[in-house]
Amino acid sequence: MSPGAATNGHATRVQTAELLRFATAGSVDDGKSTLIGRLLFDSKQILIDQLEHVIETSERRGDGYVNFALLTDGLRAEREQGITIDVAYRYFQTPRRKFIIADTPGHEQYTRNMVTGASTADLSVVLIDARKGVIEQTRRHLYIASLLRIPHLVVCINKMDLVGYDEEVFDRLVYEVTDWAARLDVIDITFIPISALHGDNVVDRSTTMPWYGGPTLLYHLEHVCIAPDRNLADVRFPVQWVIRPMTAEHHDYRGYAGQVAGGVLRPGDEVVVLPGGQRTRIAGIDTYDGEVEAAFPTMSVTLRLEDDIDVSRGDMICLPEDPPVPAREIEATVCWMGDRPATPGARYAIKHTTRTARAVIDELEHRIDVNTLGHGPTSELALNQIGRVRLRVSSPLLVDPYSRNRTTGSFILIDEATNETVGAGMVVGVAQS
């Protein structure tokens with residue numbers, strides 16, 4: 001085993017089985033936490049002591065039923081209020097696939113948490129209360145899922161038990177969502193009628209809705225095809241760490257560790273290291289399990305290069321014929337997460353892949369109304385608002401449009417005084433350096 005492999009063991013092990021990251025979204029009380037709890041329980045992912053604790057807590061609260069939402073609402077404030085505040089992550093697996101679930105908040109004031117939880121998702125599950133229908137938060141979350149370019153959407157019409165499992169209610173809501181989604185950049189959307197409380201169409205097929213012939217939620221999660229969603233055309237490898245063990249066994253070892261952000265890397269490929277521009281070839285690719293013949297998104301690997309050249313954290317390894325654009329001026333859509341509004345002239349640290357620079361807001365072009373999708377002039381972006389921003393950075397960043405690569409097309413803005421993340425950005429266009 002190579003010394004570089006040991007550094008990245010956990011991430012590489014995850015790649016041995018296909019991993020699906022999905023996020024839940026929807027308004028308050030639409031049943032997101034209950035759905036995840038039911039999904040975990042019916043798929044036999046709950047330990048006996050966890051179930052006993054949930055049953056005991058449900059009885060003490062006087063819920064009158066086993067409240068599976070308690071499996072994910074971990075914060076005391078969440079349990080007291082019956083809502084999700086923070087992003088709760090859960091892990092489970094079936095014989096077909098591994099899953100990471102991000103249970104995101106439904107309340108408007110926690111939109112920034114929803115953006116955080118959904119930013120790396122392959123799929124988003126958006127819940128709608130069958131009684132309330134499509135509301136403002138439904139449109140907000142559908143728009144954010146589209147903005148983040150989450151490749152697959154599943155719209156679960158929940159609480160069908162409270163509308164008598166009426167097919168007409170389901171059909172009406174499918175039409176409303178389809179009509180709204182037609183205005184968005186949505187590639188794949190699936191509708192499933194469910195009752196998270198009773199488990200209808202979550203893991204097991206419902207006997208109360210014989211009119212529905214589609215898959216259950218778990219079946220869809222297990223079988224949705226995510227491999228084509230990765231950008232396999234543009235090679236992008238941001239260097240995260242330079243590995244020099246300097247031990248007797250590996251005295252001459254030099255490797256460059258990171259996560260593949262795009263394309264396919266193979267030994268023998270000619271590559272260029274940016275921003276320096278040095279050219280060389282890949283001598284080998286190491287992982288925890290040993291050397292591999294190819295690396296692709298989102299594998300964490302260590303590259304060995306044929307030539308001893310200067311490579312540092314923040315550099316980008318790519319193919320010479322298809323480099324990213326070095327940009328000093330960036331136009332981006334930004335979801336604002338800071339308590340202090342964003343204004344022209346404000347300065348922040350900007351983190352893009354493994355590279356950090358400083359940025360100033362040159363211009364706020366417009367703010368986006370998530371209800372109408374209209375654009376309006378604005379002098380600031382307040383907490384949870386979304387708008388188009390023009391940034392100027394202190395040193396060139398190697399970016400791609402977000403529509404082409406979600407990793408190299410995204411960044412965060414950091415308040416250097418508090419070290420808090422205040423903005424999440426998606427690159428729309430650049431002015432070349």
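The values are calculated or read from the model by the stated rules, or taken from the named source; none is laboratory data. None of these values were measured; they are calculated from a predicted model. Please note: Cβ atoms are built from the backbone with ideal geometry, for glycine as well, and neighbour counts cover all protein chains shown. The protein model used for the area step is the full one, side chains on, heavy atoms only, and it has no ligands, DNA or RNA in it. Shrake-Rupley method; radii C 1.70, N 1.55, O 1.52, S 1.80 Å.
A compact table of results
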| item | result |
| --- | --- |
| Full-stretch length increase - ILE309, ASP369 - with 0.36 nm per residue and alpha-carbon distance subtracted | 16.7 nm |
| Accessible solvent surface per residue of segment 232-308, calculated while the other protein chains remain in place, 1.4 angstrom probe, Å² | 46 |
| Exposure rank, largest accessible area first [ARG205, ARG358; 1.4 Å] | ARG358, ARG205 |
| Solvent-accessible surface (1.4 angstrom probe) belonging to LEU148, in square angstrom, nearest 10 | 10 |
| Most to least accessible of HIS141, HIS220 (protein chains only, probe 1.4 Å) | HIS220, HIS141 |
| Label-point separation, TRP180 to ASP322 (7 Å along Cα→Cβ), nm | 3.7 |
| Note, ³J(HN,Hα) from phi for segment 202-219, Karplus 6.51, -1.76, 1.60, rounded to Hz, x at Gly and Pro | 8, 10, 9, 5, 7, 8, 8, 10, x, 6, 8, x, x, x, 6, 4, 5, 4 |
| FRET efficiency, 1/(1 + (r/R0)^6) with R0 45 Å, evaluated for ARG61 and ASP252 via beta carbons | 0.10 |
| Length gained when the stretch ARG244-HIS223 is fully extended (0.36 nm per residue, less Cα-Cα span) | 3.4 nm |
| Largest-first ordering by accessible area, 1.4 Å probe, given options ASP122, ASP415 | ASP415, ASP122 |
| Residue-wise HN-Hα coupling along segment 176-188, computed from phi with Karplus coefficients 6.51, -1.76, 1.60 (Hz; x: Gly, Pro) | 4, 5, 4, 5, 5, 5, 5, 8, 10, 8, 10, 8, 9 |
| Rounded to whole Hz, the Karplus (6.51, -1.76, 1.60) HN-Hα couplings of segment 257-264, x for glycine and proline | 9, x, 10, 5, 9, x, x, 10 |
| Over 19 Å (Cα to Cα) - which of LYS44/LYS98; LYS98/LYS159; LYS44/LYS159 fall in this group | LYS98/LYS159; LYS44/LYS159 |
| Accessible-area value, PHE41, 1.4 Å probe, nucleic acids and ligands omitted, Å² | 70 |
| TRP211 - accessible surface, heavy atoms, 1.4 Å probe, Å² rounded to 10 | 70 |
